[in-house]
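Participant: Below are the structure tokens for one structure; questions will follow.
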Amino acid sequence: MDRRIAIKNMGLALGYTVATPTLLSLVQGCKTADTVAWTPDFFTKEQGNVLLKLVDIILPKTDTPSASEVNVHIFIDRFTNEIMEDIQQTVTKLSFDKFIVKALKDSGKDEANDLTSEDLEPVLAEALKLSEEEEIMNEDLVIKNPSAMIKGENDAVSEEPVTYNFAKNIRDMTIWGYKTSEYVGEEVLAYLPVPGEYIGCGDLNELTGGKDWSL
């Protein structure tokens, strides 16, 4: 599949309508950003610090770079700022705030900047540890009622569905941003810049050493 089409389809799968050239420039632009001096475009500085830790909890450094080392946190911030519609941005910021409030409550800390990876990891794990039925119910509450959620008019604004929605979106976007980064695409995944023979039923271990294909 063409890389541009594949990236566009991934955006649609996450529920976003993406102008492909815009997204490609977004992905490419993240590779030169300075993480140390990073100031988020959309999130607050405190939320940015938490986001930086969260992406590395989801994809930590092993024999491959961590998510933050390929600037996934910057990709998520820019995607939220430049691609999401206004109501999606509002829901994202609201759900992020509620996630941080829960992390502060569980850790006994007062400031978001004081939250460590050890504080955040159990909150993330708890939010994602739901049955399939609970996941569907929480997604329905948030996705079907964004305006009511923002106004606090129904159960969509309660802690569990909102923190689940945030945790799932951050996990999905972290994986998405990681796999579409230039370094991971060319150095970690199976990369073939000029497609060759099509093999419809080949063994993945034989074809790529068990690696997914790069987009």
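Participant: Just one of (1) assigned to a helix (DSSP H, G or I); (2) at pLDDT below 90 trips up Thr174, so point out which.
Facilitator: The single condition Thr174 does not satisfy is (2).
Participant: Quick one: in region 38-61, which of the residues that are in a loop (DSSP other than H, G, I, E, B) and touching a residue at least 24 places away in the same chain (Cβ under 8 Å) is farthest from Ala112 (Cα to Cα)?
Facilitator: Leu59
This table checks each residue for (1) surrounded by 21 or more Cβ atoms within 10 Å (Cβ to Cβ); (2) within 21 Å of Gly177 (Cα to Cα); (3) of a type in the set (A, V, I, L, M, F, W, C).
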site	(1), (2), (3)
Thr44	no, yes, no
Asn71	yes, yes, no
Ile76	yes, yes, yes
Lys129	no, no, no
Glu133	no, no, no
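Participant: In this structure, is Glu153 more than 25 Å from Phe79 (Cβ to Cβ), at pLDDT 75 or above, loosely packed, with under 13 Cβ neighbours inside 10 Å and over 20 Å from the mean Cα position of the chain (by Cα)?
Facilitator: No.
Participant: Within region 108-126, is there a residue that is under 12 Å from Ile170 (Cα atoms), touching a Lys or Arg at 6+ places or on another chain (Cβ under 6 Å), buried (at least 19 other Cβ atoms within 10 Å of the Cβ) and aliphatic (A, V, I, L, M)?
Facilitator: No; the residues of region 108-126 include none that is under 12 Å from Ile170 (Cα atoms), touching a Lys or Arg at 6+ places or on another chain (Cβ under 6 Å), buried (at least 19 other Cβ atoms within 10 Å of the Cβ) and aliphatic (A, V, I, L, M).
Participant: Restricting attention to region 72-87, report how many residues are over 19 Å from Glu121 (Cβ atoms), touching a Gly at 6+ places or on another chain (Cβ under 8 Å) and in contact (Cβ under 8 Å) with a residue 40 or more places away in the chain.
Facilitator: Of the residues in that region, 4 qualify.
Participant: Also: Which of the residues that make up region 60-104 are β-branched (Val, Ile, Thr), under 15 Å from Val50 (Cα atoms) and out of contact with any Ser or Thr (no Cβ under 8 Å at 6 or more places or on another chain)?
Facilitator: If the condition is that a residue be β-branched (Val, Ile, Thr), under 15 Å from Val50 (Cα atoms) and out of contact with any Ser or Thr (no Cβ under 8 Å at 6 or more places or on another chain), then Ile100, Val101 are the ones that fit.
Participant: Right, something else. If I ask for residues that are out of contact with any helix residue (DSSP H, G or I) (no Cβ under 6 Å at 6 or more places or on another chain) and either surrounded by fewer than 17 Cβ atoms within 10 Å (Cβ to Cβ) or closer than 17 Å to Thr39 by Cα (or both), which ones from region 90-103 would you list?
Facilitator: Scanning region 90-103 gives Lys93, Asp97, Val101.
The values are calculated or read from the model by the stated rules, or taken from the named source; none is laboratory data. All figures in this text were calculated on a predicted structure; none of them were measured in a lab. Because the Cβ atoms are built from the backbone with ideal geometry, glycine has one as well, and the counts that use them run over all protein chains shown.
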